[in-house]
Each structure stands twice: as structure tokens, then as C-alpha cells.
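The values are calculated or read from the model by the stated rules, or taken from the named source; none is laboratory data. From a predicted model like this one, the values you see are computed outputs, not experimental measurements. Note that each Cβ is placed from the backbone with ideal geometry, even for glycine, and that neighbours are counted across all protein chains shown.
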Amino acid sequence: MTDTDLKPRLGTRKKVERPKRYLVVLLNDDYTPREFVILVLKGEFRLDAGQAERVMITAHQKGACVVSVYPRDVAETKTARAIEAASRMGYPLQFSVEPEE
């Protein structure tokens, strides 16, 4: 064994960036029933009953509320599925996807 076998390697390591995350935001409307909003939040976003109710009430009082944070593709998919479920029932429920700052 030589001294060169024991020396650390001096190579460059590529740093992998975490994917940018996106907020899913529930937007208030005065037409979609509260029970349906809670059902969607529990079903699509996996919130428990208490969390779903707090998100729904906050959106109702303030106009919008962050539901959760995901990588972009997950946020867009969950949002599209939630809006489609509401649309099938005839409700104007809306969500937005915004980059996390």
C-alpha cells in the first residue's frame, strides 16, 4: 500500500437541488356547501376533519387559505382533481397553485 492509496479523493460533487414547492390555496366562494368543501379537503388533500374545517372557515373569512404544500406536479394534479369533483357536482369550488416563496 502506498501513501496515495490513503489520500482522500478530491472530486467535485454535484449538489442536487430539492424541487421547488408549491402552495395549494383554497379560494372562497359563497355557493359551494361547506360540507362538500370539507369532503374534498379530506378526500383529496388527506386533511382530518378538524384541519379541513379550519381551512374551510379561514378561506371563508379571509377569502383564501393555504391547504398544503407539494412539488408542482402533485399540487397541480390534486388541484385539478378537486376542481373536477366540484364541477361534476355543479359547484364553482376553486383552488390555485402558487410557488412557495
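The table below lists the values:
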{"quantity": "Qualifying residue in the stretch 39-46 (condition: under 15 Å from GLU98 (Cβ atoms) and either aromatic (Phe, Trp, Tyr) or surrounded by fewer than 16 Cβ atoms within 10 Å (Cβ to Cβ) (or both))", "calculated": "no"}
{"quantity": "Residues of the stretch 1-55 that turn out to be of a type in the set (S, T, N, Q) and modelled with pLDDT of 95 or more, as a count", "calculated": "3"}
{"quantity": "Every pair of residues 6+ apart whose Cβ atoms lie under 7 Å, when the first sits in the stretch 35-62 and is under 19 Å from ALA85 (Cβ atoms) while the second is aromatic (Phe, Trp, Tyr)", "calculated": "PHE36/TYR91"}
